[in-house]
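The values are calculated or read from the model by the stated rules, or taken from the named source; none is laboratory data. All values derive from a computational prediction rather than experimental measurement. Positions of Cβ are generated from backbone atoms using ideal geometry, with glycine treated the same way; all protein chains shown enter the neighbour counts. With ligands, DNA and RNA removed, areas are computed over all heavy atoms of the protein, side chains included. Shrake-Rupley method; radii C 1.70, N 1.55, O 1.52, S 1.80 Å.
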Amino acid sequence: MKVLPISDRYIGYAREIESRMKKEGLRCETDIKGEKIGWKIRTAQMERIPYMLIVGEKEAEAGSVSVRRRGEGNLGRMPLEQLLEMLREEGT
């Protein structure tokens, strides 16, 4: 799983998400490269990352993440707790 901040301003929030995922026992890292979000998504797809958590202003304000799943595409924005519940149900 990779957390992809839209810009450098959201790296702090991305790190919070990463920390929470690790506390739940999930492998997660934050992409802090200064690339555009499209490039980060493309790179994560090529690395076969199963979940991409995209964070920007709206997500930081709402305490949510926009989720992309490899092979399925955009799953939309959801609260972090909802994502964790979905991952628990999948056994990820």
Query raised in the report: Which cross-chain or sequence-distant (5 or more) residues have an amide H under 5 Å from the amide H of Leu75, H modelled 1.01 Å from N in plane?
Result: Val67, Arg68, Arg69
Report summary line: Sorted largest first, the Cα spans of the chain on the principal axes come out in Å as 33, 28, 22
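Full extension from Thr43 to Glu81: what is 0.36 nm times the residue separation minus their Cα-Cα distance, to one decimal in nm? Each step should come with its number before you reach the end.
Numbers: separation 38, 0.36 × 38 = 13.68 nm, distance 2.63 nm.
Extending this stretch completely gives an extra 11.0 nm.
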Query raised in the report: With contacts defined as alpha carbon pairs under 8 Å and 6 or more residues apart, what's the relative contact order of the chain in percent?
Result: 27 percent
Query raised in the report: For region 45-92 and region 1-31, what is the separation of their Cα centres, given in Å?
Result: 11 Å
Query raised in the report: Taking the highest mean first, how do the peptides 25-38, 45-58 order by number of other beta carbon atoms within 10 angstrom per residue?
Result: 45-58, 25-38
Query raised in the report: Using a Förster distance of 25 Å, how high is the FRET efficiency between Arg27 and Glu61, based on the Cβ-Cβ distance and rounded to 0.05?
Result: 0.40
Requested in this report: Calculate, for the chain, the solvent-accessible area per residue in square angstrom, rolling a 1.4 angstrom probe over the heavy atoms of the protein chains.
Outcome: 60 Å²
